[in-house]
Amino acid sequence: METDSKGTPRNTLTETLFVVFLRMVAVSCFWFGLQYWAMLVGYAGGGMARFDLLLPAWRAAGVSLAVVFPVAALGLWLAVSWGPVIWICAALGQVLMYTVWRDVFGSNILVPAMHALIVTVYALFRIALFLERREKASRVSSGLP
């Protein structure tokens, strides 16, 4: 017996790779969040970067990123629309810390370079998904002459 409707549509290779990519970024965001929490509670850096010992700028940045990165990790892992938005906000904050305000936060060229690479890969995935969906929509016909 044949059913009337087909099952759920299968994900394409691009969609599957995009979800894997988002989950890898989620793991890195969670790691960043753990690093900030470890710094704030005094576990990392021999206790010299505890919250009460930090400069006000580091307090604001550390607390913000300690909260935002795990939230972004959750959104990216679930592949929901708000995950990349939260991640971009956190990444932009870190990039600004280490480029614009390097006299306050120090210079760390690896973090902005890594974020730039990941944003580039993300944009390429979104373009590929857009082109794939546009091509799929053009193949759909109404069945009318």
From LEU124, LEU92, grab the single residue that is under 24 Å from THR12 (Cα atoms), open to solvent by 90 Å² or more (accessible area, probe 1.4 Å) and either at pLDDT 95 or above or in contact with a Gly (Cβ under 8 Å, 6 or more places away or on another chain) (or both).
-> LEU124
With respect to TYR98, determine if the residue is aromatic (Phe, Trp, Tyr), modelled with pLDDT of 85 or more, open to solvent by less than 80 Å² (accessible area, probe 1.4 Å) and touching a Ser or Thr at 6+ places or on another chain (Cβ under 7 Å).
-> yes
Reported set for segment 10-53 where residues are among the aliphatic types (A, V, I, L, M), in a helix (DSSP H, G or I) and either over 25 Å from the mean Cα position of the chain (by Cα) or closer than 16 Å to ILE88 by Cα (or both) is LEU22, MET24, VAL25, ALA26, VAL27, LEU53
With respect to the numbered conditions (1) among the acidic types (Asp, Glu); (2) at pLDDT 90 or above; (3) more than 28 Å from TYR122 (Cβ to Cβ), which one is the sole condition not fulfilled by ASP52?
-> (2)
List the number of the failed condition for MET48; all other conditions in (1) farther than 16 Å from ILE86 by Cβ; (2) surrounded by 13 or more Cβ atoms within 10 Å (Cβ to Cβ); (3) among the aliphatic types (A, V, I, L, M) hold.
-> (2)
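The values are calculated or read from the model by the stated rules, or taken from the named source; none is laboratory data. Keep in mind the model is a prediction, meaning the values are calculated, not measured. A quick note on method: Cβ atoms are made from the backbone with ideal geometry, for glycine too, and the neighbour counts reach across all protein chains shown. Just the protein is used for accessible areas: all its heavy atoms, side chains included, with ligands, DNA and RNA removed. Shrake-Rupley method; radii C 1.70, N 1.55, O 1.52, S 1.80 Å.
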